[in-house]
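Report on the following structure.
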Amino acid sequence: MLFGRYGFTCRLETDAELPPYKGSTFRGVFGRALKKVVCALRQQECDECILKTKCIYTLVFETPASEETRDSRIVSPPHPFVIEPPLTDKSYYPAGELFDFSLLLMGEANNFLPYFIYAFEQMGEIGIGKKINNRRGRFLLDQVQCGGSVIYTSSCRKLTNHGTSEKLLLHIPENNQDKSLQLKLILETPLRLKFNNKLQAILPFHVLIRSMLRRVSSLMNAYGEGEPDLDYRGLIQRAEKIQMADNHLSWYDWQRYSFRQEAKMLMGGMNGSVTYEGDIGEYLPIVEFCKQVHIGKQTTFGLGKFKPELLS
């Protein structure tokens, strides 16, 4: 699967007040800015627009089903992007301060990077966060990096080294159950996932693996080489035998405002860390893949970002 991780550095022109978790704010304004940049028929609803099959906004925010996903178990294809907001609960940012965030792109969405960069520049003009003195925090996009190299700066306004995305591969795991390991998962952003159609406040290993397998399957079907050759049933059955050795998870609630629904929405997810113990070796390739692309619900907000640590 074609995969790109792009780091954005911005400088505030005015003071800004942002929520403790900033992912939904970034995602919401990004959507408005991208539609402003690419929409040719502004009076049309997306589902009725004659251009929807060729529209970048539709590809990103109204992601259509492909031939591969129509034939798969995935109900709807995943969006081809993730916004990783600043990992801080800091709320007040004075004018002149820098802040960073990342944009992850999957599949052909990488080919439209110039549009996304321009959309983030427009996002800076629209402003983010709560209004201070009747205006939202405005910022300038300073530079964009990929793979340790600067590929765009506001001074030259030219994209260099385009095509710096790479292949994100899933190495098919081997059923190696002869060594007990401990795996610690640190949730860097809240994790929202459902099991038996209910949001979970605890995370047994088999529930985690079910979520990871869904993420792998949906992304590879939509943007990769198709359904991975995985023993889904066997992986889940063996995952039910993995024990939880330590649990420091807690529930975190916050509110977001939906421009589409014009209403405040209560969101929540698991925070903290959890440690598993058992025959974990065969799951490590799946964990490494998902570490790059997040798991659970609302990944476009940056939710479901985690860091794995192998303890033994």
message: I'd like the residue in region 301-312 that is over 8 Å from the mean Cα position of the chain (by Cα) and aliphatic (A, V, I, L, M) and, out of all such residues, is modelled with the lowest pLDDT.
response: 311
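A quick yes/no check of all residues on (1) buried (at least 18 other Cβ atoms within 10 Å of the Cβ); (2) modelled with pLDDT of 95 or more; (3) within 24 Å of residue 2 (Cβ to Cβ):
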site	(1), (2), (3)
251	no, no, no
262	no, no, no
268	no, no, no
275	no, yes, no
280	yes, no, no
292	no, yes, yes
299	yes, yes, yes
- request: Please work out which one of (1) touching a helix residue (DSSP H, G or I) at 6+ places or on another chain (Cβ under 9 Å); (2) of a type in the set (A, V, I, L, M, F, W, C); (3) surrounded by fewer than 21 Cβ atoms within 10 Å (Cβ to Cβ) is the condition residue 311 fails and give its number.
  value: (1)
- prompt: Which residue pairs have Cβ atoms closer than 9 Å, lie 6 or more positions apart in sequence or on different chains, and pair a first residue in region 39-59 that is basic (Lys, Arg) with a second residue that is not in a helix (DSSP H, G or I)?
  reply: 52/44; 52/62; 52/64
query: Among the residues of region 163-175, is there at least one that is more than 27 Å from residue 81 (Cα to Cα) and outside the structural domain of residue 125 (by TED's automatic domain parsing)?
result: yes
task: Would you check which residues across region 218-256 are within 26 Å of residue 184 (Cβ to Cβ) and among the aromatic types (Phe, Trp, Tyr) and list them?
output: 232, 251, 252, 254
query: Residues in region 148-157: is at least one touching a residue at least 60 places away in the same chain (Cβ under 8 Å) and not in a strand (DSSP E or B)?
result: no
query: Would it be correct to say that residue 64 is closer than 20 Å to residue 305 by Cα and modelled with pLDDT under 90?
result: no
message: Which condition from (1) without any contact (Cβ under 8 Å) to a residue 40 or more places away in the chain; (2) crowded, with 16+ Cβ neighbours inside 10 Å is the one that residue 16 breaks?
response: (1)
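The values are calculated or read from the model by the stated rules, or taken from the named source; none is laboratory data. As the structure is a prediction and not an experimental result, all values here were calculated from the model. Every residue, glycine as well, gets a Cβ built from its backbone with ideal geometry; the counts of neighbours run over all protein chains shown.
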